[in-house]
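Only one structure is covered here, and it is reproduced in the block below.
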Amino acid sequence: MHSTLQALADAPAQLLPARSLMAFTLASHIILVPLGVALPLITLVLHGYGLRRGDRTALLLARRWSAVMAVQFAIGVVTGTVLSFEFGLLWPGLMGRWGDVFGIGFGVEAWAFFLEAVLIAIYLYGWRRLPARTHFLLALPLPAAALLGAFGILAANSWMNTPRGFRLDSAGDPVDVKIWKAVFTPMFGPQYWHFVVAMLVTAGYVVAGVYAAGRLRGRRDRYHRLGFAVPFTVAAVLTPVQFVLGDSIARKVFHEQPVKFAAMELVWKTDTHVPEYLFGRLHPDGAVSGGVRIPQLDSVLAGFSPDTRVTGLTSVPEDARPTATQATIAHWAFDIMVGIGSLLLVLALWYALIWLRRRRLPVSAWFYRCAAVAGVASVVAVESGWITTEVGRQPWIVYENMRVAEAVTSTGSPGLWTMFALVVVVYVFVFGSFLVVLLKMRTRWRLADEEDRRSGGAHSRRETPESGLPYGPRPAVPSGAPLGTGDAASPPAEDRP
């Protein structure tokens, strides 16, 4: 605690509000990212299934998920734009000095964003107006655009962790920039694939969790079974993959950012036969209190042998490593992420075992209780992973090249605290509106389903896949008229639950 207070006293006054504002906006934006990156792919998986099987229920779910996708994208535009401004306003030292080296990542993300906006518009527009297969084929680039956006952001962030592709002149400024080396840094591959799979896993569990909660409330029709099975299967299949990727990135951090690894694992002095701590707290003198100590395990995890030499925090001067408090935060975030990942792996194996033995979904209420919680837990794991990455890198904003305090704005702290308060108010309104819109869509869809059940499916025969979407003109479809071209593959209404 003493070292933390001393570090705060030595830091510019505007550093704390700038960090707090950036952390708040990033933590808020990350909640939306899994749906933005992965929901298009999961939706198209269901859309393709619906077209191939002539399954009207699958097409109805895909249509409704596409509406959620549009609302999420609109909210993500707001939070993402705020972040873009904050990079320049809060960290002019970073963007001014290093923008020419790693700024291409933000450029790629911007182009991907515009491409994604166009493709989402076409996808929503096409439900009524395009032939079914043409509509589906035009939507196929949508997941690629989402992954391209992730590519740009992860290229920038991985460069901040392992900066490459430049040399410093006599004044210490970057020159002779090699763009490809700046993009494909040592941390890029592990970070990118770990992130992409995390988004698919999280989005899968979040969407499936909604239908798991519906099942627990007695909704066990085909609509809810399909809405649960497709995203949950995607997440369950990828959960073991994510475990392997997580081990890979931790090993990469061990080699490329050894001090960060030491913070994640609470390693004070460089040594072999290093123990593993589950949670616990690091003190400024290197002592660890609390938690569970497992002898030699950290060395084994790092290099498959207890003789593996693990670099400690004291291998660098005190002002070049995370404080004891920062190391403890990174360590707890890392353990929470790994702990949640382990529980999700057990849930995925439970699901796989039932499916392989009985070829059906689990029936246990406890399974669906766990599945309903898995969505929220996945989001917590994503937030924890981000905290591990960013706090573990302290005090560097560009690893071993620029400290956070050197990049911060000169704007006074009162102005930054005021800006922070305004952003909190705006975000409460934005996310509150997001929740209200989702709840209204859910209510409208339930009323439509109830009407469909009462009419014996006649209502769904009148509906086209686009009906009820929260945008654009909705021309009336005469009762008894044939379905629109966008519904060409729809089966008879009796396939509806």
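Counting residues in the chain as N, plug N into 2.2 N^0.38 Å and put the Cα Rg over that result. All intermediate terms of the calculation are to be shown ahead of the outcome.
On the way: Rg = 24.9 Å, N = 497, 2.2 N^0.38 = 23.3 Å.
Scaled against compact globular proteins, the figure is 1.07.
If you roll a 1.4 Å probe over the chain with all protein chains in place, what percent of the accessible area is carbon or sulfur? Spell out each step's value before the answer.
Working: 15210 of 22670 Å².
With neighbouring chains kept in place, the figure for the chain is 67 percent.
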*So for the chain, taking the charge dipole from beta-carbon charges (+1 Lys/Arg, -1 Asp/Glu), which of M22, F113, S289 sits furthest toward the positive end?*
F113
*Any chance you could look up the accessible area of D173 with a 1.4 Å probe, heavy atoms only, rounded to 10 Å²?*
70
*Taking the Cα centre of segment 331-438 as origin and charging only Cβ (+1 Lys, Arg; -1 Asp, Glu), how large is the dipole, in debye to the nearest 20?*
820
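Using a 1.4 angstrom probe, figure out how much accessible area segment 157-282 has per residue, in square angstrom, rounded to the nearest whole. Please report the intermediate quantities before stating the final value.
Details: 5210 Å² over 126 residues.
That works out to 41 Å² for each residue.
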*Average accessible area per residue (Å²) across segment 320-428 - probe 1.4 Å, nucleic acids and ligands excluded*: 47
*Putting +1 on Lys and Arg Cβ atoms and -1 on Asp and Glu Cβ atoms, find which of F166, T239, G227 reaches farthest to the positive end of the dipole of segment 165-283.*
G227
*Determine the per residue accessible area of segment 59-134 with all protein chains present and a 1.4 angstrom probe, expressed in square angstrom.*
40
*Net dipole in debye of the chain [+1 Lys, Arg Cβ; -1 Asp, Glu Cβ; about Cα centre; nearest 20]*: 2520
*Which value, in debye to the nearest 20, describes the size of the charge dipole of segment 62-203 about its Cα centre when Lys and Arg Cβ atoms bear +1, Asp and Glu Cβ atoms bear -1, and nothing else is charged?*
680
_For the pair V373/R251, report the inter-label distance in nm, with labels modelled 7 Å from Cα in the Cβ direction._
3.2
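Using a ≥ b ≥ c from the Cα gyration tensor of segment 36-96 (square roots of the eigenvalues), is it rounded, prolate or oblate, where a/c under 1.5 gives rounded and otherwise the larger of a/b and b/c decides, a/b for prolate?
prolate
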*Does anyone have the angle between helix 15-53 and the longest principal axis of the chain? Alpha-carbon axes, 0 to 90°, nearest 10?*
30
*Working from Cα positions, state the angle (0 to 90°, nearest 10) between the long axis of helix 365-391 and the longest principal axis of the chain.*
40
_Taking each pair of distinct Cα atoms in segment 1-113 once, what is the resulting Kirkwood hydrodynamic radius in Å?_
17.3
*What angle, in degrees between 0 and 90 and rounded to the nearest 10, separates the Cα long axis of helix 56-90 from the longest principal axis of the Cα atoms of the chain?*
30
*asked:* Using +1 at the C-beta of Lys and Arg and -1 at the C-beta of Asp and Glu, which of A198, N401, V175 has the Cα lying farthest in the positive direction of the dipole of the chain?
replied: A198
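The values are calculated or read from the model by the stated rules, or taken from the named source; none is laboratory data. Predicted model only: the values in this text are computed from it and were never measured. Here Cβ is always computed from backbone atoms with ideal geometry, including for glycine, and neighbour counts include all displayed protein chains. Quick note on the areas: whole protein, heavy atoms, side chains included, nothing else; ligands and nucleic acids left out. Shrake-Rupley method; radii C 1.70, N 1.55, O 1.52, S 1.80 Å.
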